[in-house]
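Here is the structure we will look at.
The values are calculated or read from the model by the stated rules, or taken from the named source; none is laboratory data. Model, not experiment: these values are computed from the prediction. Counting neighbours? That spans all protein chains shown, and the Cβs are built from the backbone with ideal geometry, glycine included. Just so you know, the surface numbers come from the protein's heavy atoms only, side chains and all, with ligands and any DNA or RNA stripped out. Shrake-Rupley method; radii C 1.70, N 1.55, O 1.52, S 1.80 Å.
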Amino acid sequence: MSDTKIKSIKEYVLDSTSFFGEYGGSFIPEVIKPNLDELTETFMACIKDESFERELRTELKQISGRPTAFTPLPNLTEKIGGAQLWFKNEGLNHTGAHKINHCIGQALVAKRLGKKRIIAETGAGQHGLATATVCARYQMDCVIYMGRKDYNRQRPNVFWMELLGATVIPVDDGSQTLSDAVIAAFKDLISNPEDTHYLLGSAVGPHPYPLMNTYFQKIIGEEVREQTKEQFDRLPDCLVACVGGGSNALGLFFDFLDDRGVEMIGVEAGGRSTQAGDHAAKLLQGEKGIFEGYYSYFLQDGDGNISDTHSVSAGLDYCGVSPILAYLKDTGRVKFEVADDKQALTALEELSKAEGFIPALESAHAFAYAFKYARELSKDKLIVINSSGRGEKDLFITMEHFQKEGLTKFLKSQLNGDGS
Amino acid sequence: MNGYNNPLMTHLIIGYPSLEESFNTAELYTQYQPEFLELQIPFSHPTADGSKITEANKIAIQKNATTMDDSMNFIERFRKKYPDQKLMIMTYCNKIFRYGITEFCRQMDTMGIRYIIIPDLPVDSNIAAAIHDNKEIQLVPVIAPNIPEQRLNKILSFEPDYIYLMADYKITGSDFGIHEKLENVVGNIRKRSDARIGIGFGIGTGAQVKEILELGDFAIIGSELINAQIENRLEDKLRELIA
Ligand SMILES: Cc1ncc(COP(=O)(O)O)c(C=O)c1O
């Protein structure tokens, strides 16, 4: 498929009534159709309403501290000796990741819908944390579904969500990760289709979620455009973001889709090997399918069963990907690459030691690829990396990797009560 | 007792607890002459099913490695042995999408199967249109008491022979309950269509079947039959349901 006939990709995406090329759609049980229809209608009305836009911008500023910083990486740029490296620090958002952008957006839509109960899935816990935060802020009931494996490995976020008043429900089905949490949330919606808003956490799922979350995340790229203009009076040459479901990547890319000179690279999780079940590289290794309400690329077997996934980062450990990214892949507008667990951890350490920034493990995948790619480009080129989140939430995983003994000692001392 | 006219649709998952045992279960159900037998082709992630059926799907896929071809062979074998037992085939969208929609429909047609249930496939979607390209095959709409009138009209415009109605907003295997809007929806369907209405989700006892039959034409039983099977009281349960 070629997009040469499409003048503006941005307009094409925003005008979608559910499909992006052949991808997207709304493959859902009838029982939740009224819920999603009313959501679509209200969302569409909201974004045409100036007072909604004003409220959204104010909340993003006052709650989340936007705009987030645009930061150079001088030491790594010099060490690598290629393109200039800058990053967009979405980790500076309230709750530590870009997820709050679409949480505030969707919560404002839910408020207009009169919904009192919010449900969400979470992998890394960042989307759940941001959801629990906006629910506390707007005084809505909040239930978060989390695969048991993520519940265990992202324990700090579970605690924070509960402190914020949310009920966190571990999901024991399937591989006990993000996709199982999505299914559990959909099952909740099927049982509560009237009073509940499902605050889905990435640019995936049935219409209007891919479009809606892209819309609420596009502020990332809009700010980057202004910040590069102010700093360099030009556009960046290359944008790099990690891809779980695609919300932070689309957030960075969207505003530049029509600037054909700006190269865009999505980085998928290579996990521990290229074998099925060992990674989460759906655009590179998945096949077309229909799952969780949308048509896109999924990691699956030849019989249509969904495969298990693995990534050191819970937020990338997911079998599907945004239909908008699937479309942008097929048209060639966005390229996709892979970084594995080890490369991500190495990049995390490099960035920490060389520049003083500890990124989320998800974002570390984007840094890993960008550091490699910078070598191939000349010094006058500018690469902008989306640091979708900061790394504190990953304490136990990162520490287990870098200081296993220290972690064990600390936990033991706490258990023995001599940690004072 | 003859003519497969007990107002029930009994459900089972192909490959659970094993391929052979599921065939035996199908044969057992058939002895009780239900109007329909619902055969579910297992899927790794049954997105609209409750924990019982999800677990059964997992066993069929992970433990028994039941493939699409196994399922197709099962259906064909059953069809040949019991040509008069009407069947509905249930599965999720991705299973037939990956198999090939045209090929799936061609095989169904060859076996004389008319009715397919796919809970995550709206009857007016592009993929549904590909199914309806085969004139002999109908998607059975699965609808709930919250269906807006306009949407109901849209669904009825496909002239379905059968409608699968959820008794309440539930996933399969939830507690029994009848939503207050159910009667109204049944009335609306009756006014505009001759479709026979099966009602399901959460039905497990003879008394509940009777209550459901005051509104619908047949009752659909799934999770409770799995429970009965696990507890070795399947025949008692079937006797209770048709009493
Ligand atoms: C910090 C961070 N980055 C990235 C992701 C991946 O999601 P997406 O691809 O939708 O941005 C997550 C998801 O939990 C996350 O927490």
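Remarks
- Residue count, region B:157-179 (criterion: open to solvent by 40 Å² or more (accessible area, probe 1.4 Å), farther than 17 Å from B:Phe218 by Cα and modelled with pLDDT under 95): 2
- Residue match in region A:317-327 (condition: more than 14 Å from the ligand (Cβ to nearest atom) and part of a helix (DSSP H, G or I)): yes
- Set A:Thr346, A:Thr331: member being farther than 24 Å from A:Gly24 by Cα, away from the ligand (no atom under 14 Å from the Cβ) and either within 14 Å of another protein chain (Cβ to nearest Cβ) or among the β-branched types (Val, Ile, Thr) (or both): A:Thr346
- Those helices (runs of 4 or more DSSP H) of region A:348-420 in which at least 2 residues are modelled with pLDDT of 95 or more, considering only elements entirely within it, cover A:361-374.
- When A:Asp180 is tested against (1) closer than 27 Å to B:Ser51 by Cα; (2) more than 16 Å from the ligand (Cβ to nearest atom); (3) open to solvent by less than 10 Å² (accessible area, probe 1.4 Å), just one condition goes unmet, and that condition is (2).
- Tabulated pairs, region A:237-264, first within 14 Å of another protein chain (Cβ to nearest Cβ), second of a type in the set (S, T, N, Q) and within 8 Å of the ligand (Cβ to nearest atom), C-beta under 6 angstrom, 6+ apart or interchain: none
- If you go through region B:151-184 and keep only what is part of a helix (DSSP H, G or I) and more than 10 Å from every other protein chain (Cβ to nearest Cβ), you end up with B:Asn153, B:Lys154, B:Leu156, B:Leu182, B:Glu183, B:Asn184.
- Boolean, A:Met146 is away from the ligand (no atom under 13 Å from the Cβ) and of a type in the set (A, V, I, L, M): no
- Sole residue being open to solvent by less than 20 Å² (accessible area, probe 1.4 Å), within 15 Å of A:Glu268 (Cα to Cα) and more than 18 Å from the chain's Cα centre (by Cα), chosen from A:Leu407, A:Leu325, A:Leu345: A:Leu345
- A:Ala83 being away from the ligand (no atom under 14 Å from the Cβ), of a type outside the set (Lys, Arg), without any contact (Cβ under 8 Å) to a residue 60 or more places away in the chain and closer than 20 Å to A:Ser387 by Cα: no
- Residue list for region A:145-177, restricted to those being at positive phi and either surrounded by 20 or more Cβ atoms within 10 Å (Cβ to Cβ) or within 14 Å of another protein chain (Cβ to nearest Cβ) (or both): A:Gly174, A:Gln176
- Taking residues in region A:365-383 that are under 23 Å from A:Asp341 (Cβ atoms), and partners anywhere that are charged (D, E, K, R) and crowded, with 17+ Cβ neighbours inside 10 Å, the pairs with Cβ atoms closer than 6 Å and at least 6 places apart or on different chains are A:Tyr369/A:Glu337.
- Matching option when the condition is under 22 Å from the mean Cα position of the chain (by Cα), more than 22 Å from A:Phe367 (Cβ to Cβ) and within 14 Å of chain B (Cβ to nearest Cβ), among A:Phe43, A:Phe19: A:Phe19
- Lone unmet requirement of (1) away from chain A (no Cβ under 11 Å); (2) at negative phi for B:Ile147: (1)
- Count of region A:271-295 residues which are open to solvent by 10 Å² or more (accessible area, probe 1.4 Å) and away from chain B (no Cβ under 14 Å): 7
- Yes/no for A:Gln227 being more than 20 Å from A:Leu395 (Cβ to Cβ), out of contact with any His (no Cβ under 6 Å at 6 or more places or on another chain), without any contact (Cβ under 8 Å) to a residue 40 or more places away in the chain and more than 14 Å from the ligand (Cβ to nearest atom): no
- Residue list for region A:375-420, restricted to those being in contact with a strand residue (DSSP E or B) (Cβ under 6 Å, 6 or more places away or on another chain) and away from the ligand (no atom under 16 Å from the Cβ): A:Leu382, A:Ile383
- The sole residue among A:Asp233, A:Asp180, A:Asp188, A:Asp258 that is under 28 Å from A:Ser311 (Cα atoms) and over 20 Å from the mean Cα position of the chain (by Cα) is A:Asp188.
- Within region A:297-311, the set of residues being open to solvent by less than 20 Å² (accessible area, probe 1.4 Å) and either facing chain B (nearest Cβ under 9 Å) or within 13 Å of the ligand (Cβ to nearest atom) (or both) comprises A:Phe298, A:Gly304, A:Asn305, A:Ile306, A:Thr309, A:Ser311.
- Among the residues making up region A:355-366, those that are open to solvent by less than 70 Å² (accessible area, probe 1.4 Å) and out of contact with any strand residue (DSSP E or B) (no Cβ under 6 Å at 6 or more places or on another chain) are A:Glu355, A:Gly356, A:Phe357, A:Leu361, A:Ala364.
- Among the residues making up region A:235-270, none is more than 16 Å from the ligand (Cβ to nearest atom), surrounded by 24 or more Cβ atoms within 10 Å (Cβ to Cβ) and among the charged types (D, E, K, R).
- Test: residue in region A:329-338 that is surrounded by fewer than 20 Cβ atoms within 10 Å (Cβ to Cβ) and of a type in the set (Asp, Glu): yes
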